[in-house]
Every structure is written in C-alpha cells, then in structure tokens.
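Working notes, structure below.
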Amino acid sequence: MAAPDIIFAGIGTACGLGYGKASLIDGLLAGRDVFSVLARPGRQAPDGSTSFIGVEMPDPPELPFELVPKRVARTAGFGARVALAVLHEAWGEAGLDDVAPDRIGLVVGGSNLLAREQVLMAQDYAGRLAFVPPRAGHVYLDSEISGLAASIFPIRGFAHTVGAASASGAVAVIQAAAAIRAGTVDACIALGAMQDVSYLDLLGMRALGAMGSARFADQPGRACRPFDRDHDGFLYGECCAALVLRRADQAGPGYGALIGAAQVADGQRGPEPDGDGQRRAISLALQQGGLTAGDIDVVSAHATSTPKGDEVEAASLHALGLEQAWVVATKSVVGHGLSAAGTIELAALLLQMRAGRLHATRNLDHPHEPMLRHVQGLPQPLAVRHGLKLSFGFGGTDTALVIRGAA
Amino acid sequence: MESDDILSILIGQIREVVPELVDHDIGAADSMAALGVDSVERSEVLMNTLEILGLDLPMVQLHGPRNLGELALLLKAKCGGA
C-alpha cells in the first residue's frame with residue numbers, strides 16, 4: 001500500500017509582524033519594516049559598546065488559565081510562552097483535539113534556546129548564587145520547550161528536540177514527516193522554537209563576520225538586504241512557528257503536501273556555505289517529489305543577506321536551472337530566526353501559496369544576481385503548483401523541502 | 001524572629017510560587033504536599049524563604065518536618081543556631 005501524502009494541516013506563527021498567521025501574511029505582502037535597535041534586556045553589551053539591529057516581537061498573548069495554569073505561566077520564559085501561543089494557534093486549526101494523544105508527536109527545532117535568560121539569571125544572581133532557583137536545573141536543557149509543550153497539550157506519542165543551527169526548523173519538519181511515514185504517529189508538530197540570543201551570541205556572530213550591519217547602522221530598516229549588492233550580513237529576528245503535519249487520508253489537503261524532504265551533511269563545521277551540499281539537497285528533494293527544476297514555481301530561499309551565503313545560494317539555484325522560478329527572501333521582512341527560520345519561512349511560503357501572491361524581497365535595490373527571478377517592489381500574483389523551501393545551517397546542514405500546492 | 005513570622009513568610013512564598021493558592025486558607029497544620037505543591041515548587045518556596053531569612057544551608061537539612069508549623073520551628077532553630 002502506498003504511503004499516504006503528508007500535508008500541512010495547521011500553522012501557528014509569531015514574529016516581529018505580530019502573533020498569528022494573518023499578521024504574517026499581511027505584513028509580508030505589505031513589506032512592513034519592523035527592524036530597529038534591539039531593546040530586550042540582555043541583547044546589548046552591558047558596557048554600552050553595542051547597538052545590534054534586528055527584529056523583536058511583541059509580548060505573547062495571555063493564554064487561558066485552563067490551558068496554562070498560573071503556577072506554570074510564572075515559570076515559563078519568554079521563548080517558552082511564545083512557543084505555547086504558537087502551538088495553541090496551530091493545534092486548533094489542525095484539529096488535533098480529535099487525534100488520540102499517543103498518535104501525536106512533537107519535534108522542536110533548535111538548541112541553546114534560552115541563552116539570553118541564562119545571561120540575565122547570571123546577572124540577577126551575582127552575589128547570591130546560593131539562591132539560584134531550582135528550575136534553573138532543568139530549564140537550561142533542550143527538553144524545556146518540548147517538555148513544557150507536552151505538559152500543556154496532550155502530546156503522548158513522543159516529544160524531543162533536534163539541533164541543526166539555522167536549519168533546525170526545517171530538520172524538525174523532516175523528522176516530523178519521517179515519524180508519520182514510519183507509522184510512529186499520525187500527526188506530528190514541527191516547532192521552530194525562538195532562538196533567544198544573548199549579547200554574547202550576537203557578539204560572536206558579529207565576530208564571525210556573519211552578522212550585519214555596519215553599513216546601515218543608522219538605518220535599521222535598510223540593513224537586511226538579501227541578494228542585494230550592498231548586503232553585509234544577516235540581521236537577527238525573533239521568530240517562532242509551528243507546523244502540524246498530518247496524513248492526508250485523515251486530514252484532507254490542508255495547505256499543501258510535503259512531497260520532497262532532503263537533508264544532507266556537507267562537511268563544514270562552522271558558517272561556511274557549501275554549494276555542493278545545497279545542490280545535492282535540492283536534487284534529492286526534487287527527485288523524491290518526482291519533479292524537475294522546471295516544475296518549481298517559487299523558491300523560498302535561505303537568503304540570509306550575507307555576501308558569501310547569498311552568492312553561493314544564487315549560484316546553486318543557477319546551476320540547477322531554477323532561474324524560471326520566482327525567488328522570495330522572507331528574512332528581508334522578519335529577520336533571521338536562526339532555529340525558527342526554516343519553520344517561519346515555510347509557514348510564509350504555505351500562506352503565500354494559499355493567497356496566490358508572493359511577497360517582495362525588501363531592500364533589493366541592486367540584485368547581484370539579476371538572472372534570478374526576484375520579486376521586487378510589489379507582491380507578485382502567482383498560482384503556485386510547486387514551491388521549494390531551502391534552509392541551511394552552520395555545522396554543514398543543507399535542507400530542501402518541496403511542497404505541492406493544495407489547489 | 002518568631003516561628004509565627006517564619007510561618008507567614010512560608011505561606012507568602014507558597015502563594016507566590018503557586019498563585020492558585022492565593023485565596024486558600026493555609027495554616028501551621030498544612031503540609032506543602034497536601035496543598036498540591038510539587039517537588040520543584042517546594043524547593044523554590046524553601047530557597048526563597050532561606051534567602052529572606054539570610055540562611056545558606058543545604059536543603060537536605062530541611063527534610064523531616066511533617067507540616068508548615070514544624071518547618072517554621074526547624075527554620076527558627078537554624079536561625080538561632082547560625
């Protein structure tokens with residue numbers, strides 16, 4: 001018997017554009033500018049030497065006490081509360097209340113998710129270290145988000161966390177699909193958790209040369225410019241997204257089907273992009289979907305706005321004959337969500353496919369790769385049959401996901 | 001500090017850590033376990049109380065009391081013996 005199609009049945013999102021997928025698609029199509037100097041405590045060096053730019057999201061909506069008891073809410077950090085809000089949105093839409101709890105799984109994408117809160121705790125408890133609260137003994141582990149989620153929502157199949165740097169969200173989707181395909185569960189949530197970076201992480205990424213923006217320090221809204229001649233590094237953006245994957249024979253067409261999902265290791269330890277790995281991942285995913293490059297209508301690129309990353313990715317698309325496909329760069333609007341990037345950008349792609357419109361890449365004034373078919377200026381109306389989502393991560397992970405539209 | 005004052009601190013911390021108990025009558029005869037305070041919450045109540053009392057001692061020394069009244073007496077003894 002053929003394996004059932006795996007479809008996306010529910011989406012929950014949070015980013016600088018707000019909470020909920022309506023704010024995401026509306027903000028993307030409007031090309032809203034949500035970049036500013038980061039203001040959340042722990043994001044700038046205490047000595048005042050930094051003014052990192054990026055995107056921060058509003059506080060999460062209060063969830064009902066029946067769902068999240070007050071005694072739990074008071075111990076949940078920012079990223080954890082964001083995750084619960086996002087899961088709540090996706091859960092309801094996907095109809096998971098009608099699925100047996102032991103047939104539901106959860107894969108959280110991302111590691112070291114609460115770094116900023118650890119820095120703040122070290123500051124808060126300096127001089128009174130004997131009184132560090134007991135929850136500090138478990139919330140620093142990567143089980144925190146998955147464990148909290150399964151304590152609130154009836155997820156009893158499995159719940160765990162995978163780390164693949166900026167490809168974590170995409171790898172979570174790949175693992176969720178694999179768990180359904182293997183028959184382990186019937187529904188599986190892929191949650192790209194918020195990477196709550198501290199100023200130490202930001203300093204490190206700046207030192208790596210990966211993060212901008214020296215060139216647009218005084219113009220935050222212009223700093224993130226994927227595929228533009230004047231790009232000078234990625235800009236961090238707080239993001240979190242949940243995608244509920246289900247069997248099509250149990251849930252209908254949803255937002256579309258995942259027909260190709262490839263992940264390869266390219267042998268890099270650090271931040272270097274690897275065109276060979278990227279091309280292998282894309283080719284494998286297309287092959288799984290029974291497609292060729294010419295079948296892809298839109299590519300949601302990894303497109304970080306780093307010069308090397310953008311150039312290597314553009315070359316990969318060119319080499320595989322994907323020039324006819326429209327290219328969107330969602331980080332130009334929401335920033336780089338790191339662990340959450342793959343899921344929020346896939347959510348954005350699914351929402352664009354449903355809307356029949358592609359968002360423009362912001363700040364793309366002078367494309368360094370003019371042969372790519374960029375969406376510039378205004379949204380592009382398009383009936384998408386097949387979309388391709390790319391996510392790459394430090395440590396040499398390249399992923400490609402192929403989606404067949406629901407229509 | 002009298003043991004009644006310590007009992008008040010303990011009850012205040014229980015209500016802080018478990019806001020669901022804010023309107024619940026809590027007295028010396030109650031135990032945290034019977035109030036539904038879980039083990040991590042109990043540790044937090046004790047840790048917060050120790051900090052307020054200025055006591056730095058291993059948690060294992062607070063095992064034994066069967067209710068909040070006995071716990072307050074034990075903490076008073078620790079304060080006095082410090």
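When chains A and B come together, the accessible area they lose, probed at 1.4 Å and totalled over both chains, is close to 1200 Å². Backbone geometry of region A:302-308 corresponds, through the Karplus equation with coefficients 6.51, -1.76 and 1.60 at θ = phi - 60°, to 3J(HN,Hα) couplings of 5, 6, 7, 5, 8, x, 5 Hz, x marking Gly and Pro. Here's the thing: no lysines lie within a cross-link span of B:K76, going by alpha-carbon distance under 25 Å and ignoring same-chain residues fewer than 8 apart.
What the Cβ-Cβ distance of A:S143 and B:M1 gives, at R0 = 45 Å and to the nearest 0.05, is a FRET efficiency of 0.70. Report note on the peptides A:112-118, A:8-14: ranked by the mean count of other C-beta atoms within 10 Å, highest first, their order is A:8-14, A:112-118. The mean number of Cβ atoms from other chains found within 10 Å of a Cβ in peptide A:69-78 is 3, as a whole number. When the other protein chains are added to the chain by itself, burial of at least 40 square angstrom of heavy-atom accessible area (probe 1.4 Å, ligands and nucleic acids ignored) affects these residues of region A:114-153: A:A130, A:F131, A:P134. Over the protein assembly as shown, accessible surface divided per residue gives 39 Å², non-protein components excluded, 1.4 Å probe.
A viscosity of 1.002 mPa s and a temperature of 20 °C, combined with the Kirkwood radius over Cα pairs in Stokes-Einstein, give a translational diffusion coefficient for region A:243-321 of 150 µm²/s.
Give, as a single signed number, the net charge of other residues whose beta carbon lies under 15 Å from the beta carbon of A:V119, with Lys and Arg counted +1 and Asp and Glu -1.
-2
Computed over the alpha-carbon pairs of chain A, the distance histogram in 20 Å steps reads 30, 59, 10, 0 percent, short to long. Between A:D26 and A:L378, the modelled labels are 2.1 nm apart [label points 7 Å from Cα along Cα→Cβ]. Farthest towards the positive end of the charge dipole of chain B, among the residues B:G64, B:N48, B:I9, is the Cα of B:G64, using unit charges on the Cβ of Lys, Arg, Asp and Glu. Ellipsoid fit via the Cα gyration tensor, region A:199-251: semi-axes of 34, 15, 10 Å, each the root of five times an eigenvalue, largest first. With all protein chains present, how much of the accessible area of region A:256-405 (probe radius 1.4 Å) comes from carbon and sulfur, to the nearest whole percent? Roughly 50 percent, rounded to a whole number. With one equal scatterer per alpha carbon and no solvent term, the Debye-computed log10 I(q)/I(0) for region A:1-54 at 0.17, 0.19, 0.29 1/Å reads -0.72, -0.79, -1.09. Using the rule -39500 (n - 2.57) for each DSSP H run of four or more residues, divided by the residues of the protein assembly as shown, the 222 nm mean residue ellipticity is -11000 deg cm²/dmol. Of the accessible area of region A:1-150, computed with a 1.4 Å probe over protein heavy atoms only, carbon and sulfur atoms account for 54 percent.
Annotation: amide H-H contacts under 5 Å for A:I6 (H modelled 1.01 Å from N, sequence separation of 5 or more, or interchain): A:A248, A:L258.
Modelled this way, with points 7 Å down the Cα-to-C-beta line, the labels at A:A315 and A:A217 are 3.1 nm from one another.
Diffusion coefficient of region A:31-167 by Stokes-Einstein, Kirkwood radius over Cα pairs, 25 °C, 0.890 mPa s: 143 µm²/s. At the listed q of 0.10, 0.12 Å⁻¹, the Debye profile of region A:256-405, built from one uniform point per Cα, gives log10 I(q)/I(0) equal to -0.29, -0.42. Site pair B:L57 and A:V37 shows an inter-label distance of 5.0 nm when each label is modelled 7 Å from Cα along Cα→Cβ.
3J(HN,Hα) along region A:349-366: 5, 4, 5, 5, 5, 5, 6, x, 9, 9, 7, 6, 7, 5, 6, 8, 7, 9 Hz, from the Karplus curve 6.51 cos²θ - 1.76 cosθ + 1.60 with θ = phi - 60°, whole Hz, x for Gly and Pro. Calculated on the Cα set of region A:171-269, radius of gyration then Dmax: 18.6, 53 Å. Relative intensity of region B:19-82 on a log10 scale, I(q)/I(0) at q = 0.12, 0.15 Å⁻¹, equals -0.30, -0.47, per a Debye sum over C-alpha point scatterers of equal strength in the absence of solvent.
Sorting A:178-188, A:199-209 by average packing, meaning the other beta carbons within 10 Å per residue, from highest down gives A:178-188, A:199-209. The lysines whose alpha-carbon is closer than 25 Å to the alpha-carbon of A:K331, local same-chain residues fewer than 8 away aside, are A:K21, A:K308, A:K389.
The values are calculated or read from the model by the stated rules, or taken from the named source; none is laboratory data. Given the structure is predicted, the values throughout are model-derived calculations rather than measurements. Neighbour counts run over all protein chains shown; Cβ positions are idealised from the backbone, glycine included. Just so you know, the surface numbers come from the protein's heavy atoms only, side chains and all, with ligands and any DNA or RNA stripped out. Shrake-Rupley method; radii C 1.70, N 1.55, O 1.52, S 1.80 Å.
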